[in-house]
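**Q** The structure follows.
The values are calculated or read from the model by the stated rules, or taken from the named source; none is laboratory data. Worth saying up front: this structure is predicted, and the values here are computed from it rather than measured. In this analysis, Cβ positions are derived from the backbone assuming ideal geometry, glycine residues included, and neighbour counts consider all displayed protein chains. Heavy atoms of the whole protein, side chains included, go into the accessibility calculation; ligands, DNA and RNA do not. Shrake-Rupley method; radii C 1.70, N 1.55, O 1.52, S 1.80 Å.
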Amino acid sequence: DITKQADCNAMVGAARKAFGPIDIVIANAGAAESAPAAKISADHWQRMIGVNLTGAFFTVQAALADVTRKDGGKGRRIVFTASTAGLKGYPYVAAYCAAKHGVVGLARALAAELAPTGVTVNAVCPGFTDTPLLDASAAAIAAKTGRSRDDARSALGKDNPDGRLITPDEVAAKVLWLCSPGADAVNGEAISIGGDT
């Protein structure tokens, strides 16, 4: 449970025990819920901030001693998965947008703080992506509107500039590039993966 600091510390400890000191952290967990702003409960707000922002921070914080260690290593990276909702607003997901804007701000703050250590910190900001999270959103839309799930999925894809859903492989390719030597000078960026042209 990434909303629990002790769990994040245990996760990083298990990774370190299995693979040695950590060089790359990908803070990728997320959740989305929708409601009109007037109907967002305190619990809804806290869940969205807890998973999407606090959980991202706890994940990275647990590994900071490793990624900033002074042993001459290069190529240390932190990559957050934010969202295009961290770059602009969408209706009915105010808490999610607030959390993802927070993730972009967190990435930029850590990029400035950790730059002297050689660690780069960036965020990828996917648009609507073909994942189980999107499937859950499509199911909720279908339940509320009477539309089919396929229609709801199609409508979400049309919100991306090129009118289709982004694939997980497209997101992974950008994350892998950010972890490569070719991205050594990329720091503090929020990179949209939204089908923009």
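**Q** How far is helix 94-114 tilted off the main Cα axis of the chain, in degrees rounded to 10, range 0 to 90?
**A** Helix 94-114 and the main axis of the chain meet at about 20 degrees.
**Q** Which value, in debye to the nearest 20, gives the size of the charge dipole of the range 26-73 about its Cα centre, when Lys and Arg are +1 and Asp and Glu are -1 at the Cβ? Let's see the in-between values first.
**A** On the way: 4 positive and 4 negative charges, 13 e Å.
Computed charge dipole of the range 26-73: roughly 60 debye.
**Q** Using amide H atoms built 1.01 Å from N in the peptide plane, name the residues 5+ places from residue 190, or on other chains, whose amide H lies under 5 Å from its own.
**A** When sequence neighbours closer than 5 places are left aside, the close amide H contacts are 123.
**Q** Would you mind checking which residues have amide H under 5 Å from residue 40's amide H? H placed 1.01 Å from N; only 5 or more apart, or other chain.
**A** Close amide H contacts, sequence-distant or interchain: none at all.
**Q** Separate question: Hey, what do the phi angles of the range 138-152 turn into as Karplus ³J(HN,Hα) couplings, whole Hz, using 6.51/-1.76/1.60 and θ = phi - 60°, x for Gly and Pro?
**A** Values, residue by residue: 5, 5, 5, 4, 4, 5, 7, 10, x, 6, 6, 4, 4, 5, 5 Hz.
**Q** What does the highest-first list of 14-23, 78-87 look like by mean Cβ count within 10 Å?
**A** 78-87, 14-23
**Q** What is the helix-to-structure angle for 5-19, meaning the angle in degrees between its Cα long axis and the longest Cα principal axis of the chain, kept from 0 to 90 and rounded to the nearest 10?
**A** The angle comes out near 60 degrees.
**Q** How far is helix 55-67 tilted off the main Cα axis of the chain, in degrees rounded to 10, range 0 to 90?
**A** Tilt relative to the chain: about 20 degrees.
**Q** As a test of the formula, what do you get for the chain when each DSSP H run with n ≥ 4 contributes -39,500 (n - 2.57) and the sum is divided by the residue count, at 222 nm and rounded to the nearest 500 deg cm²/dmol?
**A** That comes out to -15000 deg cm²/dmol.
**Q** With point charges of +1 on the Cβ of Lys and Arg and -1 on the Cβ of Asp and Glu, referenced to the Cα centre of the chain, which listed residue (148, 172, 109) lies farthest in the positive direction of the dipole?
**A** 109
**Q** Also, quick follow-up: With each pseudo-label sitting 7 Å past Cα toward Cβ, what's the residue 180-residue 112 distance in nm, one decimal?
**A** 3.0 nm
**Q** How much of the DSSP beta bridge set in the chain is antiparallel, as a percent to the nearest 5?
**A** 0 percent
**Q** Using a Förster distance of 22 Å, how high is the FRET efficiency between residue 4 and residue 45, based on the Cβ-Cβ distance and rounded to 0.05? Each step should come with its number before you reach the end.
**A** Numbers: r = 18 Å, r/R0 = 0.83.
E between residue 4 and residue 45, to the nearest 0.05, is 0.75.
**Q** May I pose another question? Hey, if we sort 133, 53, 156 by accessible area with the 1.4 Å probe, largest down, what's the order?
**A** 133, 53, 156
**Q** Another question, then. How high is the relative contact order of the chain? Use alpha-carbon pairs under 8 Å, at least six apart in sequence, and give a whole percent.
**A** With pairs under 8 Å counted, the relative contact order is 22 percent.
**Q** What part of the accessible area of the range 66-197, given as a whole %, is carbon or sulfur when the probe is 1.4 angstrom?
**A** Its accessible area is 56 percent carbon and sulfur atoms.
**Q** Follow-up question, since we're still on this one. Cross-link candidates for residue 100: which aspartates and glutamates have Cα within less than 18 Å, leaving aside residues fewer than 8 places away along the same chain?
**A** Counting by Cα, and skipping residues close in sequence, residue 100 has these aspartates and glutamates nearby: 33, 43, 159, 189.
**Q** Run the quick spin-label model on residue 149 and residue 16: label points 7 Å from Cα toward the beta carbon, then report their separation in nm to one decimal.
**A** So the two model labels end up 4.1 nm from each other.
**Q** I want to verify a result. In a Gaussian network model of the chain, Cα cutoff 10 Å, which of these has the top mean-square fluctuation: 184, 169, 130?
**A** Top of the fluctuation ranking is 169.
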